[in-house]
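Bear in mind these aren't lab numbers, they're just calculated from the coordinates by the rules spelled out. Worth saying up front: this structure is predicted, and the values here are computed from it rather than measured. Backbone-built Cβ (ideal geometry, glycine too); neighbour counts: all protein chains shown.
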Amino acid sequence: MPLVIIPTYNERENIVSLIKAIFSLSTNFHLLIVDDASPDGTAQIVKKLISTYPDRLHLICREEKWGLGTAYVEGFKFALKNGYDYILQMDADFSHDPKDLVRLYNTCKAENYDLVIGSRYISGVNVVNWPIGRVLLSYFASFFVRFITGLPIMDTTAGFKCYTKEVLETIDLDKIQFIGYGFQVEMLFLAWKYGFKLKEIPIVFTDRVRGVSKMSKSIISEAVFGIIKMKISSFFKKYHRR
Ligand SMILES: Nc1nc2c(ncn2[C@@H]2O[C@H](COP(=O)(O)OP(=O)(O)O)[C@@H](O)[C@H]2O)c(=O)[nH]1
Ligand SMILES: [Mg+2]
């Protein structure tokens, strides 16, 4: 059974239509929202929907804004504990098209990949409505990560992915370093180091229409130094699958 994990912080304008869009897909996805005490009441809105989708919709409410990376780690642990075998992740703001969940999942399952990445940069630059500064930042960040780590992936900071449970069981989730966006890179890097089969498929990424971005300068500096540190420390680690 596949589980889609969506971290939220102030996504009240997006969350209901997103949940409905996912539950109207042909695949029987289950859904976990991990909310960090959004002041706009995102969690309360989700809670009201649980009775409509009792077995399919799950919610974890955290007490504070503890960051994207830790929200995903908590979601991954939930997925493993509850026996899901494919775990997908996406943003709450419709930047990732819910219909692409089916493509990610089917590619992972039918073609026996361990991690499938919805990629903005595999065939040119498929980003719609982002300000040029944000596109350049993202494209440069992706290049920087590839250059430092050697990852054979064009969109190294992608947040739209499908993992098999084996990947999440192998990676020591308690040792994840990044709390912000660098988390996406760290998971990808570890999956690659452990020798899992990775695949990029093209997606179109559209900037959010509703709500505001949570990207910040501190997230960027965590990422730049953190990635160099991650690469250096990887020389001293062994990556054996349990
Ligand atoms: N739970 C949780 N979700 C977060 C946090 N920061 C961002 N998000 C969510 O992560 C996703 C990506 O964030 P977003 O603001 O769209 O970033 P951007 O698209 O890179 O500008 C969205 O679903 C956000 O609501 C956080 O600290 N905690
Ligand atoms: Mg976004």
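Computed over the Cα atoms, what is the radius of gyration of the chain divided by 2.2 N^0.38 Å, N being its residue count?
Values: Rg = 16.8 Å, N = 242, 2.2 N^0.38 = 17.7 Å.
The chain yields a ratio of 0.95.
Taking a point 7 Å out from the Cα of ASN112 in the direction of its Cβ, none of the residues of region 163-194 has a backbone N less than 14 Å from it. Site pair TYR194 and LYS47 shows an inter-label distance of 3.5 nm when each label is modelled 7 Å from Cα along Cα→Cβ. The protection proxy used here, the mean number of other Cβ atoms lying within 10 Å of each residue, ranks peptides 120-127, 161-168, 234-241, 9-16 as follows, highest first: 161-168, 9-16, 120-127, 234-241. Can you find, among GLY226, LEU188, VAL212, the residue farthest towards the positive end of the dipole of region 177-242? Put +1 on the C-beta of Lys and Arg, -1 on that of Asp and Glu. Farthest towards the positive end: LEU188. Note on ASN28 and SER123: their simple-model spin labels are 3.2 nm apart, each label 7 Å out from Cα toward Cβ. Distance cut-off 26 Å, Cα to Cα: go down the list LYS48/LYS109; LYS77/LYS199; LYS77/LYS197; LYS199/LYS231; LYS48/LYS77 and report the pairs above it. Over 26 Å apart, Cα to Cα: LYS48/LYS109. Taking 0.36 nm per residue of sequence separation and removing the Cα-Cα distance, the ASP174/PHE225 pair yields an extension gain of 16.3 nm. Computed over the Cα atoms of region 1-55, the ratio of the radius of gyration to the Kirkwood radius (Rg/Rh) comes to 0.95.
For the chain, the dipole from Cβ point charges (+1 on Lys and Arg, -1 on Asp and Glu) about the Cα centre works out to 440 debye, to the nearest 20. Put a dot 7 Å past the Cα of ARG134, heading toward its Cβ, do the same for ASP97, and the two dots end up 1.8 nm apart.
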